[in-house]
1. Answer yes if at least one residue in segment 17-29 is without any contact (Cβ under 8 Å) to a residue 24 or more places away in the chain and either within 14 Å of the chain's Cα centre (by Cα) or farther than 24 Å from Pro228 by Cβ (or both), and no otherwise.
2. Out of (1) under 22 Å from Trp207 (Cβ atoms); (2) not aromatic (Phe, Trp, Tyr); (3) not in a loop (DSSP other than H, G, I, E, B), what's the single condition that is false for Pro147?
3. Run down Pro165, Pro169 and say which single residue is under 23 Å from Arg16 (Cα atoms), part of a loop (DSSP other than H, G, I, E, B), modelled with pLDDT of 95 or more and open to solvent by 10 Å² or more (accessible area, probe 1.4 Å).
4. Working only within segment 92-104, note down all residues that are open to solvent by 10 Å² or more (accessible area, probe 1.4 Å) and of a type in the set (Gly, Ala, Ser).
5. Could you check how many residues of segment 40-51 are buried (at least 17 other Cβ atoms within 10 Å of the Cβ) and either part of a loop (DSSP other than H, G, I, E, B) or of a type in the set (Lys, Arg) (or both)?
6. Take the conditions among the aliphatic types (A, V, I, L, M) and either out of contact with any strand residue (DSSP E or B) (no Cβ under 7 Å at 6 or more places or on another chain) or open to solvent by 20 Å² or more (accessible area, probe 1.4 Å) (or both) and apply them to Ala76. Does it pass?
7. Go over the candidates Leu157, Leu89 one by one and state the one that is crowded, with 22+ Cβ neighbours inside 10 Å, of a type outside the set (S, T, N, Q) and under 14 Å from the mean Cα position of the chain (by Cα).
8. So Gln116 fits all but one of (1) open to solvent by less than 50 Å² (accessible area, probe 1.4 Å); (2) touching a helix residue (DSSP H, G or I) at 6+ places or on another chain (Cβ under 8 Å); what number is the exception?
Amino acid sequence: MQASSKAVVVEFLRGRSFQTVLDAPSGGGWLQEALGAGKAVDGLDLYEASLPGYRRFWKFDLDEGLPDDCRDYDLACCCEGLEHVGNPLRLLRHFHRALRPGGTIIVTTPSVWYPQARLQFLLRGFFPSFPPLAGKIAPGTHMHIMPWSWAQLHLYLRLAGFVEPQLLPEPLSRGKHLHEHLFAVPARLYCRRRWKRAQNEEERQFWATAATDAALLGRHLIVVARKP
């Protein structure tokens, strides 16, 4: 996860009221360090048995969801984990279970909706960062196996019981090349037409976000949602 994306997550959390945090996967523990003292942060990762600064820590495979005793959190962060998981809906439902009512989830993951990725898929059949893995399949490694877009992540969060998904803009939301901005025009116009025809507020919010640079041009997603 790039430093610029981490900074957006930390800035979003600054000033918000939460005390208990689940950081899964924890990676090198950057989130716990960024939050500082005063927060009770529990961690979980497949590759680490423990990390300094965490209140509790599990070595656990996210393909199995979350441990049964992961409960009662104000905030859950799944940074750069969902693209590695073969059972993402199960994992998101476990995050929903682990949060208190009104709790927040943050999910970050690479996006495959930007024009260059769609063009590569058209020509090769595979998205950038999601190569063919035949002959290289090794469960438990850092394989990118589940590509995500704003539309797909919105769907899975809603299926898991979360409400009001929102996409946070970040430096990686900007298109890198002029042709990407040009190729995004038809999709942007389509999303705006769907926004005008929306039947309810949730649908309007979805299509309004789908028409933004963060959804159409971004190479990375930071999505926030809430447990009712």
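The values are calculated or read from the model by the stated rules, or taken from the named source; none is laboratory data. Just so it is clear, the structure is predicted and the values come from calculations on it, not from any experiment. Here the Cβ positions follow ideal geometry from the backbone for every residue, glycine too, while neighbour counts run over all protein chains shown. Areas reflect the complete protein model, heavy atoms only, side chains present, ligands, DNA and RNA absent. Shrake-Rupley method; radii C 1.70, N 1.55, O 1.52, S 1.80 Å.
1. Yes: one or more hits.
2. (3)
3. Values: Pro165 fails: part of a loop (DSSP other than H, G, I, E, B).
So the residue among Pro165, Pro169 that is under 23 Å from Arg16 (Cα atoms), part of a loop (DSSP other than H, G, I, E, B), modelled with pLDDT of 95 or more and open to solvent by 10 Å² or more (accessible area, probe 1.4 Å) is Pro169.
4. First pass over segment 92-104, keeping only residues open to solvent by 10 Å² or more (accessible area, probe 1.4 Å): 93-94, 96-97, 100-102, 104.
Within segment 92-104, just Gly102 meets the criteria.
5. Number satisfying all stated conditions: 3.
6. Details: among the aliphatic types (A, V, I, L, M): yes; either out of contact with any strand residue (DSSP E or B) (no Cβ under 7 Å at 6 or more places or on another chain) or open to solvent by 20 Å² or more (accessible area, probe 1.4 Å) (or both): no.
No; evaluated as a whole, the condition is false for this residue.
7. Numbers: Leu89 fails: crowded, with 22+ Cβ neighbours inside 10 Å.
Just a single option satisfies the conditions, and that option is Leu157.
8. The failed condition is (1).
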